[in-house]
Amino acid sequence: MKVEEVETMPRKILDQKDISTAEAKRILEKFNQDDLGEFQRRTLAYATKFSKTTPAKAEKALKELVEKYKLDPTQAIEVVNCIPDSKEELRTMLATKGKVVASEQLEEILKLLSHIEGTK
């Protein structure tokens, strides 16, 4: 009986990096679903259901949120994953470590996010 080599998801951590839900979906979709483990299948199902944008749009927004608005990369990913609808929701997401974000900046961020939502 001959066993064929099949490209599968690594079973050990090769690298660790925070990524958006859209990026996780893109990575997992590269593999045949039959080759994914239970955890990867569930993660793909979650990412498919909750991803609100494309990986390219998410990456562009993340870069701008970190560089222009000086958000922590983890906060930027949270914002891109959720794409809040209101200043209040966004303010709550960003209210950490006593940092207050000005209303004008919140409005600019919401405008940026309005351009990335959709076309998953």
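A short reminder: the numbers here are calculations on the coordinates, not readings from a lab. Since we're looking at a predicted model, the values are computed, not measured. Using ideal geometry, Cβ is built from the backbone for each residue, glycine included, and neighbour counts are taken over all protein chains shown.
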Exercise for review: Compute the acute angle (0 to 90°) between the alpha-carbon long axis of helix 103-114 and the principal axis of greatest extent of the alpha-carbon atoms of the chain; round to the nearest 10°.
Suggested key: 30
Check your understanding: So what are the ³J(HN,Hα) numbers for segment 41-46, from phi and the Karplus equation (6.51, -1.76, 1.60; θ = phi - 60°), rounded to whole Hz, Gly and Pro as x?
Key -> 5, 5, 5, 4, 4, 4
Practice item. Please go through the residue pairs LYS25/LYS87; LYS52/LYS87; LYS25/LYS99 and name each one whose alpha carbons sit more than 23 Å apart in this structure. Key: LYS25/LYS87; LYS25/LYS99
Exercise for review: Treat each spin label as a single point 7 Å out from the Cα along the C-beta direction, and report the LYS30 to LYS70 distance in nm.
Suggested key: 3.5
Point to revise | Cα-based Rg and Dmax for the chain, where Dmax is the largest Cα-Cα distance (Å) | key: 17.3, 67
Check your understanding: Based on the inverse mean of 1/r over its pairs of different Cα atoms, what is the Kirkwood hydrodynamic radius of segment 55-114, in Å?
Key -> 11.3
Check your understanding: Length gain on complete extension for the stretch ILE13 to SER103, per 0.36 nm per residue less the alpha carbon to alpha carbon distance?
Key -> 28.4 nm
Check your understanding: Can you give me the relative contact order of the chain as a percent, contacts being Cα pairs under 8 Å and 6 or more apart?
Key -> 27
Practice item. Read phi for every residue in segment 22-32 and hand back ³J(HN,Hα) as whole Hz from Karplus 6.51 cos²θ - 1.76 cosθ + 1.60, θ = phi - 60°, with x for Gly and Pro. Key: 4, 5, 4, 4, 4, 5, 5, 6, 5, 9, 5
Study note, to complete from the structure: In whole Hz, the Karplus estimates of ³J(HN,Hα) for segment 54-69 (6.51, -1.76, 1.60; θ = phi - 60°; x where Gly or Pro) are 8, x, 5, 5, 5, 4, 4, 5, 4, 4, 5, 4, 6, 7, 7, 9
Exercise for review: Multiply the residue gap between LYS111 and MET93 by 0.36 nm, knock off their C-alpha separation, and tell me the result in nm, one decimal place.
Suggested key: 4.9 nm
